[in-house]
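Heads up, the thing below is written out as structure tokens.
Nothing in this text is a laboratory measurement; each read-out follows from the coordinates by a stated rule. Computed from a predicted structure; not experimentally measured. Positions of Cβ are backbone-derived with ideal geometry, glycine not excepted, and every protein chain shown enters the neighbour counts.
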């Protein structure tokens, strides 16, 4: 056997062994986090269709909440969790709706932008959710109707590493729950 043939045979055996080892190895499934809210499962539609195929919004539903309030989201400055005048106006409209439907509960989701550590951003998101909760309580909403959760930087609404994206991700979002 010539030197060239021996080299080709050794390369072939090495490749076959590598393929065999790879095929027998344990496979890990990587499920990436999908930060795009448009690809998340849809919220259950609580709107009805009337005889003329018009959407009828059910009073007290998430759709009713969104149609009656100025916004479900308030925004924060970098590293801040204070409620400013614009936030107060938004939260007043939320409180009015909540006082109209005293049996409805809400969840307030606190978020942060991508800067900072995971732990820091989880804590900041929690402070944002809690300051939102406390302001709604000051407007007469019972505390036992409000749940808070922090997602830190894990669920950005805007992708990108720029001031515009960061500003959109520093937020607290109010969602109605049963």
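Which order do peptides 152-164, 117-129 fall in by mean Cβ count within 10 Å, highest first? Could the numbers behind the result be given before it?
Values: 152-164: 14.2, 117-129: 18.8.
The most tightly packed comes first, giving 117-129, 152-164.
Averaging sequence separations of C-alpha pairs under 8 Å and six or more residues apart, then dividing by the length of segment 59-177, give the relative contact order as a whole percent. Present the calculation step by step, with values, prior to reporting the outcome.
Working: 223 pairs, mean separation 43.7, N = 119.
It comes to 37 percent, rounded to a whole number.
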